[in-house]
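First comes the structure, then the notes that go with it.
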Amino acid sequence: MDHQQMALLHILSWSSAIILFVIAYVMIKQNKAEKPVKILQMVLRVLYIVIIATGADLFFRFYFGVQSGFFAESIVKVVAGVWVVAAFEMTLAKAKKGKKEFAAWLQLVFALIIVLALGFGRLPFGFLP
Ligand code: HEM
């Protein structure tokens with residue numbers, strides 16, 4: 001796979017995860033049956049693996065051991081990317097248990113802003129300019 005296909009797969013996997021995350025969240029809030037929510041969460045976890053695997057691939061292609069001048073920012077991108085995945089998981093877990101969600105949402109929004117700003121706004125490679 002060339003790097004554009006990899007970046008496209010990266011974008012497709014996290015955008016599908018955002019959509020499925022919202023659907024799962026709304027279903028939890030509407031007290032829908034547990035089983036479909038469980039299945040959605042399983043699909044989401046597969047997507048998390050794809051997100052992390054494609055992200056790691058992009059990192060090793062473009063930044064690891066490469067003189068890009070963006071190594072530090074790429075590390076921040078990787079850490080924030082994993083953080084978004086963790087925050088997805090945390091937010092759904094809190095919602096399911098009926099516990100306070102605010103801290104989880106705050107982390108999700110914060111990490112997502114960092115990751116989108118670096119991914120689209122700052123880092124030089126990938127699919128879109
Ligand atoms: C839900 C979580 C994530 C979101 C929303 C996200 C978002 C993005 C975006 C918007 C780009 C730019 C795509 C492009 O222009 O082609 C990108 C690229 C990238 N992502 Fe992610 N990402 C996430 C998770 C991760 C993870 C977990 C890793 C590492 C393990 C990672 C590593 C990278 C790398 C290395 C690039 C290439 C940067 C570049 O454009 O030069 N991402 N990501």
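Condition check: surrounded by 11 or more Cβ atoms within 10 Å (Cβ to Cβ) and part of a loop (DSSP other than H, G, I, E, B). Does residue 21 satisfy that? For residue 21, the condition - surrounded by 11 or more Cβ atoms within 10 Å (Cβ to Cβ) and part of a loop (DSSP other than H, G, I, E, B) - is not met.
Among the criteria (1) surrounded by 16 or more Cβ atoms within 10 Å (Cβ to Cβ); (2) modelled with pLDDT under 95; (3) more than 8 Å from the ligand (Cβ to nearest atom), the one residue 126 does not fulfil is (3).
In contact with a Pro (Cβ under 8 Å, 6 or more places away or on another chain) and near the ligand (Cβ under 9 Å from one of its atoms) - does that describe any residue in region 63-74? There is at least one residue in region 63-74 that is in contact with a Pro (Cβ under 8 Å, 6 or more places away or on another chain) and near the ligand (Cβ under 9 Å from one of its atoms). All of (1) within 16 Å of the chain's Cα centre (by Cα); (2) surrounded by fewer than 17 Cβ atoms within 10 Å (Cβ to Cβ) hold for residue 77 with one exception: (2). Of all the criteria given as (1) of a type outside the set (D, E, K, R); (2) touching a helix residue (DSSP H, G or I) at 6+ places or on another chain (Cβ under 6 Å); (3) closer than 20 Å to residue 112 by Cβ, the one not satisfied by residue 37 is (3). Just name the residue that is farthest from residue 18 (Cα to Cα) out of those in region 93-123 that are in contact (Cβ under 8 Å) with a residue 24 or more places away in the chain and away from the ligand (no atom under 14 Å from the Cβ). Ranking the qualifying residues of region 93-123, first place goes to 96.
If I filter region 24-69 down to residues being among the β-branched types (Val, Ile, Thr) and touching a residue at least 40 places away in the same chain (Cβ under 8 Å), which single residue comes out as surrounded by the most Cβ atoms within 10 Å (Cβ to Cβ)? Looking at residues that are among the β-branched types (Val, Ile, Thr) and touching a residue at least 40 places away in the same chain (Cβ under 8 Å), I get 51.
The values are calculated or read from the model by the stated rules, or taken from the named source; none is laboratory data. Remember, it's a predicted structure, so these values are computed and weren't measured experimentally. Every residue, glycine as well, gets a Cβ built from its backbone with ideal geometry; the counts of neighbours run over all protein chains shown.
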